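> Okay, here's the structure, questions in a sec.
The values are calculated or read from the model by the stated rules, or taken from the named source; none is laboratory data. The structure displayed is predicted, hence computed values, not measured ones. Counting neighbours? That spans all protein chains shown, and the Cβs are built from the backbone with ideal geometry, glycine included. For the accessible areas, the whole protein counts, side chains as well, though only heavy atoms, and no ligand, DNA or RNA atoms are used. Shrake-Rupley method; radii C 1.70, N 1.55, O 1.52, S 1.80 Å.
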Amino acid sequence: MAARVLCAQAFTRPRVSRTLTTFLRLYTTPAPTPSAIPVLGKTYPTDAYTNITPAIVSKVSRQLHLQDGHPICTLRALVEDHFADFAHLRSVSPLVTPYQNFDSLSFPEDHPGRSKTDSYYLNQDMMLRTHTSAHEVEVFSEGKERWLLTADVYRRDEIDASHYPVFHQMEGAKIVSSDEAGVQAMEEDSRRLEHELSQSNIIIEDVPHVSGTNPAQPEHDPRHSEIMAKNLKLSLNSLMYKLFAGVAGATKEDPLRVRWIEAYFPFTSPSFEVEVFFRGKWLEILGCGVVLQSTLDRANVANEMGWAFGLGLERIAMILYSIPDIRLFWSEDPRFISQFKAGDITTFKPYSKYPESYRDVSFWKPQEGLHENDVYDVVRDIAGDLVEDVKMIDQFTHPKTGRESMAFRVTYRSMDRSLVNDEVNALQEQVIERLREHLRVEIR
Ligand code: FA5
Ligand code: MG
């Protein structure tokens, strides 16, 4: 019931259907990029950085994490329930500056995430967030010490059953004053969590809280850093138990297995990733660590320290609900959404899968080069959710001319109906035309 109340809140972002129509009209004119792009009720001038596509713009108003009964919404509410005394933030615009997304978190100037091939830019000064960590400085600077922020994030990526250019993350953070009183409060909370977990059927493969390869920050007393990392791990082990114990088997004979791994993020140290063992495989669920002191300095809370994590909701929902394809989360087919009730985790019952149909295309790369992600975006932009998979199936360099060739296989399949051949041919023709016109490839 609590979940229903939490999910049912009204959207606080403007709808975009009209702006989207304008954008489509602007964008599909022969000029490769319009002079301005409307997103969420505002218009942004374009420049050499612009690479956002209409298919992506159409997703910014969906907010699956606020759609009553949607698995992403139920899962969000479940995590919020677990961190009941944290502030719960759910309606933060996905448009951020590169400063917010990268610089405020001390990303190095040459970090690959900044590049146009990895992130969606409206223009040089405005982008779609690639992770919820983009909001750490602003939320900490509001004086919040314990908070969760759920939001849609955007990355230019490959296309397959577990990769989609939009997904949802939940950022969680907890900081305390870095004096003895704050540190003791963390220790006390850890004792409580340790006691709770000792009663549970869970096996945890751990790594040291702090080590030579995963060090405490120079600004931190290493003992304090250990205490923060330990509380982080206990808090997340306890969340994993809450989420997975029911489905992954958590009996004495078949306990839940959670594995901690040393990781690297530009904005935490020490840093970790968490994997959960499910159906014979280790699955990466989240990244986390002790918050970089420079982040807290920027937020004007220099006298505090603590931890943060970023959790991928689709990955977890696919496991909990047995949802086999990440595109299903975006389906508006009533056969999908009507299966779920707010607050309940139930097994997805696949409805008949319609037949697939694939087409290959091979071409010579243009002289200025080409990134695979550009091809994926062209296909996604034209075929939307009718594209199931795009794979590079061949690549070679001509021995005499040195020209480079690439071949891709595009698999089309609708979640909602059978596609007819003519329709697939028309889509593929549009893809080819766009590859020719916008990416300047030469079809072979
Ligand atoms: C991050 O995004 C960091 N911001 C996490 C973090 C937060 C670290 C706070 C430290 C402190 P990463 O890129 O690994 O890290 O993504 C975090 C999680 O998002 C992953 O573990 C995974 O569950 C999910 N995720 C990442 N990429 C995808 C994708 N393409 N599709 C679905 N889920 C994804
Ligand atoms: Mg990762």
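> Just list whichever of K353/K391; K59/K144; K242/K341; K144/K233; K341/K391; K59/K365 have alpha carbons separated by over 25 Å in the model shown.
Details: K353/K391 21 Å; K59/K144 29 Å; K242/K341 19 Å; K144/K233 21 Å; K341/K391 35 Å; K59/K365 30 Å.
Table pairs above 25 Å Cα-Cα are K59/K144; K341/K391; K59/K365.
> Taking only Cα atoms and a 10 Å spring cutoff, compute GNM fluctuations for the chain and point out the largest among A317, A181, A134.
With Cα springs under 10 Å in the chain, the top fluctuation among A317, A181, A134 is at A181.
> Sticking with this structure for a sec: Using a Förster distance of 22 Å, how high is the FRET efficiency between E142 and S91, based on the Cβ-Cβ distance and rounded to 0.05?
0.90
> I'd like to know which of A383, Y49, S106 lies farthest towards the positive end of the charge dipole of the chain, counting +1 on Cβ of Lys and Arg and -1 on Cβ of Asp and Glu.
A383
> To make sure I understand the rule: partners must be lysines, Cα under 16 Å from the Cα of K230, and not fewer than 8 residues away in the same chain. Which ones qualify?
K174
> What are the residues whose amide H is under 5 Å from the amide H of T46, where those residues sit 5 or more places off or on another chain and H is modelled from the backbone?
Those qualifying (amide H under 5 Å, at least 5 residues apart or on another chain) are A36, I37.
> What per residue convex hull volume, in Å³, comes out for segment 224-379 when only alpha-carbon positions are used? Intermediate results must be reported in sequence, preceding the final value.
On the way: hull volume 33.9 nm³, N = 156.
Here the figure is 218 Å³ per residue.
> Give me a comma-separated list of calculated 3J(HN,Hα) values for segment 129-143, in order, Karplus coefficients 6.51, -1.76, 1.60 applied at θ = phi - 60°, integers in Hz, x for any Gly or Pro.
4, 9, 7, 6, 4, 3, 9, 4, 4, 5, 6, 4, 6, 7, x
> Given H placed on each backbone N at 1.01 Å, which residues far from H131 in sequence or on other chains put an amide H within less than 5 Å of it?
HN-HN under 5 Å from H131: Y154.
> So, one more: Across segment 193-284, what fraction of all alpha-carbon pairs, as a whole percent, falls in each successive 5 Å bin from zero upward?
For segment 193-284, the binned pair fractions read 3, 13, 24, 22, 16, 12, 7, 3, 1 percent.
> Can you work out the accessible area per residue across the chain, with the rest of the protein chains kept in place, probe 1.4 Å, in square angstrom?
On a per-residue basis, 44 Å².
> For a quick protection proxy, order the peptides 322-328, 361-367 by their average other-Cβ count within 10 Å, most packed first.
Numbers: 322-328: 17.9, 361-367: 16.1.
By packing density, highest mean first, the sequence is 322-328, 361-367.
> For a quick check of your reading of the filter: which GluC sites (Glu not before Pro) in segment 338-444 sit in a DSSP loop and have no more than 16 other Cβ atoms within 10 Å?
E356, E368
> Can you work out ³J(HN,Hα) from phi for every residue in segment 144-149, in order, using Karplus 6.51 cos²θ - 1.76 cosθ + 1.60 and θ = phi - 60°, giving whole Hz and x for Gly and Pro?
3J(HN,Hα) across segment 144-149, in whole Hz: 6, 9, 9, 8, 10, 10.
> So what does log10 I(q)/I(0) come out to for segment 303-382 at q = 0.11, 0.13, 0.19 Å⁻¹, using the Debye formula with one equal point on every Cα and no solvent?
Cα-only, vacuum Debye calculation for segment 303-382: -0.57, -0.71, -0.99.
> What full-extension length gain, to one decimal in nm, is calculated for A426 and K242 as 0.36 nm per residue of separation minus the Cα-Cα distance?
Gain on extension, A426 to K242, equals 61.4 nm.
> Now for a different question. For segment 100-154 and segment 370-444, what is the separation of their Cα centres, given in Å?
Segment 100-154 and segment 370-444 have Cα centres separated by 30 Å.
> Check each of the chymotrypsin sites (Phe, Trp or Tyr not before Pro) in segment 274-361 and keep only those in coil by DSSP with at most 14 other C-beta atoms within 10 angstrom; list them in order.
Filter output for segment 274-361: Y351.
> Separate question: Subtract the Cα-Cα distance of R403 and T346 from 0.36 nm times their separation in residues, and report this length gain in nm to one decimal.
Details: separation 57, 0.36 × 57 = 20.52 nm, distance 5.24 nm.
Extra length from R403 to T346 when fully extended: 15.3 nm.
> Let me ask something additional. What do the square roots of 5 times the Cα gyration tensor eigenvalues come to for the chain, in whole Å, largest first, as semi-axes of the equivalent ellipsoid? Mind showing how you got there, number by number?
Values: eigenvalues 307, 134, 96 Å².
Working through the eigenvalues yields semi-axes of 39, 26, 22 Å.
> Under a GNM of the chain (C-alpha, springs under 10 Å), which listed residue has the highest mean-square fluctuation: P98, P71, P218?
P218
> When the Cα centres of segment 75-98 and segment 288-325 are compared, how far apart do they sit, in Å?
Each part reduced to its Cα centre gives a spacing of 11 Å.
> Quick one: which residues, 5 or more positions from L89 or on another chain, have an amide H under 5 Å from its amide H? H modelled 1.01 Å from N in the peptide plane, none for Pro or chain starts.
L148, L149, T150
> To continue, here is another question. Below 8 Å, C-alpha to C-alpha, sequence gap of six or more: please give me the relative contact order for segment 354-443 in percent. Each step should come with its number before you reach the end.
Working: 135 pairs, mean separation 39.7, N = 90.
Relative contact order here is 44 percent.
> Now a separate question. Using only the Cα atoms of segment 354-443, what do you get for the radius of gyration and for Dmax, in Å?
13.6, 47
> A follow-up question, please. Given a Förster radius of 41 Å and the C-beta distance between D416 and E442 as r, what FRET efficiency does 1/(1 + (r/R0)^6) yield to the nearest 0.05?
0.70
> Right, next: Quick one: what are the phi-derived ³J(HN,Hα) couplings along segment 336-341, Karplus 6.51/-1.76/1.60 with θ = phi - 60°, whole Hz, x for glycine and proline?
Running phi through 6.51 cos²θ - 1.76 cosθ + 1.60 with θ = phi - 60° gives 7, 5, 6, 6, 10, 10 Hz.
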